[in-house]
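Shown next, in structure tokens, is the structure this report addresses.
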Amino acid sequence: QAQLVESGGGLVQTGGSLRLSCAAPGSIFSFNHMGWYRQAPGKQRELVAAVTRGGSTNYADSVKGRFTISRDNAKNTVYLQMNSLKPEDTAVYYCNIISYSISRWIPEGNWGQGTQVTVSS
């Protein structure tokens, strides 16, 4: 399966911004919907943003209005621009190929290492 590589995480203060990147092999990127997930300590992994092949987007309520997902098909990369960060956004962030089934998005690929985002109060 294709290897997804996340980058761009770091330590920021409350209210700060970060831009995450996820590179995927070109053989699969253009044909798939993509999503950003996050997993905080002691919590389940959750989908925070999705972008379809055609560029339509969906967001979890907790990040709506603060995060923006986008994709650059020429660079085989999906981005997550995160603004107005809060301590509760602290988590490891992962990207994955996703598909839509039974009214929900489902991750389809192998998980990468993720990138740590830490927001200090």
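Here are the numbers for the structure shown:
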quantity	calculated
Percent accessible area from carbon and sulfur atoms, the stretch 1-76, protein chains only, probe 1.4 Å	47 percent
Surface per residue (accessible, 1.4 Å probe) for the stretch 1-90, Å²	52 Å²
The chain - mean residue ellipticity at 222 nm from DSSP helices (-39,500 (n - 2.57) per run, n ≥ 4, rounded to 500)	-500 deg cm²/dmol
Dipole magnitude of the stretch 39-95 about its Cα centre (Cβ charges: Lys, Arg +1; Asp, Glu -1), debye to nearest 20	120 debye
Length-normalised contact order of the stretch 42-107 in % [C-alpha pairs under 8 Å, at least 6 apart]	18 percent
Neighbour-limited loop hits for trypsin sites (Lys or Arg not before Pro), the stretch 27-121 (at most 10 other Cβ within 10 Å; DSSP other than H, G, I, E, B)	K43
Nitroxide proxy distance, nm - points 7 Å out along Cα→Cβ at A60 and A74	3.2 nm
Of I69, I97, I106, the one that fluctuates the most in a GNM where the chain has Cα springs shorter than 10 Å	I106
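The values are calculated or read from the model by the stated rules, or taken from the named source; none is laboratory data. Remember, predicted model here, so these are calculated numbers, not experimental data. A quick note on method: Cβ atoms are made from the backbone with ideal geometry, for glycine too, and the neighbour counts reach across all protein chains shown. Each accessible area value is taken on the protein alone, full model and side chains, heavy atoms only, with ligands, DNA and RNA left out. Shrake-Rupley method; radii C 1.70, N 1.55, O 1.52, S 1.80 Å.
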